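Accompanying notes for the structure given below.
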Amino acid sequence: MPAFSLDPEQITWCAELRALAAERLKPLAEKGEPGRVNRPLVAALGELGLLARLFDAGALDLCLLRESLAQVCTEAETALALQGLGTHPVAAFGSPAQRARWLPEATAGRAVAAFALTEPGAGSDAAALALDAVPDGRGGWRLHGEKQWISNAPEADFATVFARTTRGAGARGVTAFLVPSDRPGLGGEPLDMLSPHALGTLTFDGVPVGPEDLLGEPDRGFRVAMHTLNLFRPSVGAFAVGMAQAALDAALAHTAARPAFGGRLADLQAVAHRIAEMATRTEAARLLVYAAATAYDEGNPHNTADTDVPRRSAMAKLLATETAQYVVDSAVQLHGARALQRGHLLEHLYREVRAPRIYEGATEVQRTIIARELYASHRRERAREGAPYEEEPSPGDGRDTTSHAEEPTS
Ligand SMILES: Cc1cc2nc3c(=O)[nH]c(=O)nc-3n(C[C@H](O)[C@H](O)[C@H](O)COP(=O)(O)OP(=O)(O)OC[C@H]3O[C@@H](n4cnc5c(N)ncnc54)[C@H](O)[C@@H]3O)c2cc1C
């Protein structure tokens with residue numbers, strides 16, 4: 001059943017989160033060094049119990065967390081989400097020893113996590129990843145290669161790293177490892193991004209890993225990636241909705257107050273209609289995000305082929321991130337020049353809002369997933385009705401890199 005409205009406890013919790021973000025987290029975010037991991041901020045997220053909540057909450061709670069923090073402090077939102085993305089594979093697939101070593105540290109905000117899937121040659125087409133896991137002859141492997149655009153790299157204390165253990169096997173030859181940052185041969189560099197996101201490369205020069213570092217089974221690492229991304233995809237939409245709401249609130253306040261042409265900007269119908277459009281699209285995106293998260297919580301995320309979770313998640317991520325871009329851009333327009341001044345909220349949001357349309361599956365990839373799920377459901381429906389089998393065209397054009405449920409894109 002989709003969530004059409006939140007219950008009173010959830011609404012109160014969101015208000016508390018916004019207050020915490022304003023009073024406790026934003027001051028720490030403002031003291032952080034742009035482009036570097038803000039450890040005091042991560043520690044505060046731990047002290048406030050928000051990181052622990054990541055691992056006992058469902059998808060809807062994760063969305064409410066991300067939306068509420070994003071509305072007030074995008075740095076806190078992003079620090080929280082990245083800690084979740086890097087640690088979720090340990091929580092869901094780690095051995096008792098791995099969980100005992102890393103979960104208390106990660107949830108307290110003392111250890112910083114990363115999720116390392118993307119490579120220079122494998123972004124959307126994550127199944128093409130080439131980080132080489134070479135058997136060491138003693139039951140372990142040596143990792144050789146590079147990861148790129150990895151949030152929290154190279155400063156993270158541990159990373160979930162996806163490496164190729166079987167060549168030529170596509171998604172089925174990938175293994176997930178938990179790699180602590182003190183392993184010999186592990187390096188990396190920070191990258192300077194449009195938005196000052198802590199992000200960089202990881203380089204692997206014969207980094208040793210053993211069976212005790214496995215997350216899940218050898219050659220089943222894409223299951224680990226898919227499980228994590230299916231949970232986090234709607235919540236990227238929630239991050240976007242939070243940013244859209246912040247931009248809308250700012251535009252509403254500004255246009256209601258700004259004198260123009262003998263009245264206020266809000267008196268101009270073109271302005272008022274733009275505000276109405278921004279609000280309507282933001283609300284539509286929010287509802288789609290809540291519905292996708294609820295479907296995840298109520299469905300069986302392990303058996304994605306038999307549920308509508310992938311379609312709903314992709315729709316939510318697609319609509320919310322594109323909507324946020326529209327709403328933030330509109331808010332900039334309605335503010336005029338002041339929005340472009342360095343340090344203005346909208347200058348910040350304008351830079352922040354761009355990346356979510358690219359990561360965790362670009363907008364175009366989400367459309368491919370949606371179309372694939374629609375056609376698959378149509379075929380199942382026809383088969384149930386006893387229709388003769390017909391070859392149906394694959395959606396999209398050219399090579400469909402997302403054609404298997406176990407082949408996610410990063
Ligand atoms: C701020 C930020 C944080 C990130 N954090 C992480 C992280 O923590 N861990 C991690 O592993 N990665 C991370 N990434 C990397 C991210 O997941 C990749 O950038 C993303 O998967 C896209 O890969 P790419 O950049 O190589 O683009 P490409 O795969 O080269 O794609 C470029 C463009 O081609 C188009 N395109 C690609 N595939 C298709 C398709 N099937 N159909 C139609 N059009 C298509 C899209 O327009 C796409 O944007 C991060 C990226 C950013 C910007």
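PHE239 versus (1) over 27 Å from the mean Cα position of the chain (by Cα); (2) under 30 Å from HIS88 (Cβ atoms); (3) assigned to a helix (DSSP H, G or I): which is the lone unmet condition? With (1) over 27 Å from the mean Cα position of the chain (by Cα); (2) under 30 Å from HIS88 (Cβ atoms); (3) assigned to a helix (DSSP H, G or I) applied to PHE239, the lone miss is (1).
What number of residues in segment 250-286 are in contact (Cβ under 8 Å) with a residue 40 or more places away in the chain and under 28 Å from the mean Cα position of the chain (by Cα)? Spell out how you get there, then give the answer.
Taking segment 250-286 as the starting set, the residues that turn out to be in contact (Cβ under 8 Å) with a residue 40 or more places away in the chain are 250-251, 254-255, 265, 271, 274-275, 277-278, 281-282, 285-286.
If we keep only those that are under 28 Å from the mean Cα position of the chain (by Cα) as well, we get 250-251, 275, 277-278, 281-282, 285-286.
Counting residues in segment 250-286 that are in contact (Cβ under 8 Å) with a residue 40 or more places away in the chain and under 28 Å from the mean Cα position of the chain (by Cα) gives 9.
So is ARG99 free of Cβ contacts under 8 Å to residues at least 24 places away in the same chain, touching a helix residue (DSSP H, G or I) at 6+ places or on another chain (Cβ under 8 Å) and outside the structural domain of GLY242 (by TED's automatic domain parsing) or not? In short, yes. Quick check, is LEU129 crowded, with 17+ Cβ neighbours inside 10 Å, within 23 Å of the chain's Cα centre (by Cα) and not β-branched (Val, Ile, Thr)? It is true that LEU129 is crowded, with 17+ Cβ neighbours inside 10 Å, within 23 Å of the chain's Cα centre (by Cα) and not β-branched (Val, Ile, Thr).
Would you call PHE261 among the hydrophobic types (A, V, I, L, M, F, W, C) and in the same structural domain as ASP136 (by TED's automatic domain parsing)? No, not satisfied.
Before we move on, is GLY121 surrounded by fewer than 19 Cβ atoms within 10 Å (Cβ to Cβ), of a type outside the set (Ser, Thr, Tyr), touching a Pro at 6+ places or on another chain (Cβ under 8 Å) and farther than 21 Å from PRO34 by Cα?
Values: surrounded by fewer than 19 Cβ atoms within 10 Å (Cβ to Cβ): yes; of a type outside the set (Ser, Thr, Tyr): yes; touching a Pro at 6+ places or on another chain (Cβ under 8 Å): no; farther than 21 Å from PRO34 by Cα: yes.
No.
Take the conditions (1) closer than 21 Å to ASN152 by Cα; (2) modelled with pLDDT of 95 or more; GLY35 misses just one of them, which is (2).
Of all residues in segment 29-58, those being without any contact (Cβ under 8 Å) to a residue 24 or more places away in the chain and either closer than 18 Å to THR78 by Cβ or assigned by TED's automatic domain parsing to the domain that holds ARG233 (or both) number 6. Here LEU82 passes the criteria (1) touching a Ser or Thr at 6+ places or on another chain (Cβ under 6 Å); (2) surrounded by fewer than 23 Cβ atoms within 10 Å (Cβ to Cβ) except the one numbered (2).
Looking only at residues in segment 329-354 that are within 16 Å of the ligand (Cβ to nearest atom) and assigned to a helix (DSSP H, G or I), the one that is nearest to the chain's Cα centre (by Cα) is GLU352.
Suppose the filter is in contact with a helix residue (DSSP H, G or I) (Cβ under 8 Å, 6 or more places away or on another chain), of a type in the set (Lys, Arg), at pLDDT 90 or above and within 11 Å of the ligand (Cβ to nearest atom); does ARG357 pass it?
On the way: in contact with a helix residue (DSSP H, G or I) (Cβ under 8 Å, 6 or more places away or on another chain): yes; of a type in the set (Lys, Arg): yes; at pLDDT 90 or above: yes; within 11 Å of the ligand (Cβ to nearest atom): yes.
Considered against the rule, which asks whether it is in contact with a helix residue (DSSP H, G or I) (Cβ under 8 Å, 6 or more places away or on another chain), of a type in the set (Lys, Arg), at pLDDT 90 or above and within 11 Å of the ligand (Cβ to nearest atom), ARG357 comes out as yes.
Which residues, taken from segment 40-97, are in contact with a strand residue (DSSP E or B) (Cβ under 9 Å, 6 or more places away or on another chain) and aromatic (Phe, Trp, Tyr)? Selection gives PHE93 alone. One residue stands out in segment 86-127 among those that are of a type in the set (Phe, Trp, Tyr) and under 17 Å from HIS227 (Cα atoms): the one that is farthest from the ligand (Cβ to nearest atom), namely PHE93.
The values are calculated or read from the model by the stated rules, or taken from the named source; none is laboratory data. Just so it is clear, the model here is predicted, and its values are computed rather than measured. All Cβ positions, even for glycine, are placed from backbone atoms using ideal geometry, and neighbour counts span all protein chains on display.
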